[in-house]
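The values are calculated or read from the model by the stated rules, or taken from the named source; none is laboratory data. Just so it is clear, the model here is predicted, and its values are computed rather than measured. Cβ placement follows ideal geometry from the backbone for every residue including glycine, while neighbour counts extend to all protein chains displayed. Protein only, heavy atoms only, side chains kept; ligands, DNA and RNA dropped before computing areas. Shrake-Rupley method; radii C 1.70, N 1.55, O 1.52, S 1.80 Å.
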Amino acid sequence: MFKHFALAASVISTLIFSLIIAPINSFAAPFVEGKHYTQVSNSMVPSEPKVTEFFSFYCHNCFNMETKYLPEIKAGLDKQVTFDTKHVDFMNSDLGTEVMRSLAVIHTQDNQEALKVAMFGAIQGDENDGGHDHSAHGDKHESQVNSRDDIKKVFAKFGIDAAKYDELADSTDTDKKLSLWRQQQVIYRVQSVPTFIVNDKYAINMDEMRTLDDLINVMNYLALQK
């Protein structure tokens, strides 16, 4: 699974560094298809404009995006644009499926952001800065999530008992979500994370995003004008 994360590591790390140090400026020229974004589907534009993030709880760049940048990104989206998250299936294993199910369960709760951070922390390490770099020198962190029982322990801290978790994780709605996520991962050619898909049709080219404002602007541009 790690090769998928490695594909994006240098690009996303460069972006994150740029988001920290670069001034907030928008592009002087319109966004260009094939450069700033790529059409990955011929789907009709949905009734409501939306941005979808494909991510993994195992990806430290996704952890950084979740805790440091998504709050500002969501705040910068036009009020018409909704934001959704979907978990990739790079692991193709029983444990990977259980982790995907955990996100589907999170989607049924009111405190979604706190639960997502808790899952990131259980898998990557509960770092004060909101992220954990497995490539760091001397890193010895081991995931605390190796089974559904381990995931239940994370959710129990938020008042979701084992029986309720099983009910939600094994529901028909959850099965349908996982099936859709897997299909869309293939359709949208998601090979690295985080990946942002706009209106089920366009993938943002993250290596062309120089500032956080660039990313927000292209999301709004594609969601509302395409």
Take the residues in segment 98-131 that are assigned to a helix (DSSP H, G or I), in contact with a helix residue (DSSP H, G or I) (Cβ under 7 Å, 6 or more places away or on another chain) and open to solvent by 10 Å² or more (accessible area, probe 1.4 Å); name whichever of them is nearest to Asn64 (Cα to Cα). Val117
Output yes when any residue across segment 161-182 is open to solvent by 70 Å² or more (accessible area, probe 1.4 Å) and within 17 Å of Met65 (Cα to Cα), and no when none is. no
Considering only residues that are open to solvent by less than 10 Å² (accessible area, probe 1.4 Å) and touching a helix residue (DSSP H, G or I) at 6+ places or on another chain (Cβ under 8 Å), look in segment 215-226 and name the one that is nearest to Gln183 (Cα to Cα). Met219
Please enumerate the residues belonging to segment 85-95 that are crowded, with 18+ Cβ neighbours inside 10 Å and not aromatic (Phe, Trp, Tyr). Thr85, Lys86, His87, Val88, Asp89
Cβ-Cβ under 8 Å pairs, at least 6 apart or on other chains, segment 84-104 side closer than 14 Å to Met119 by Cβ, far side of a type in the set (Gly, Ala, Ser) and open to solvent by 40 Å² or more (accessible area, probe 1.4 Å): Leu95/Ser147; Glu98/Ser147
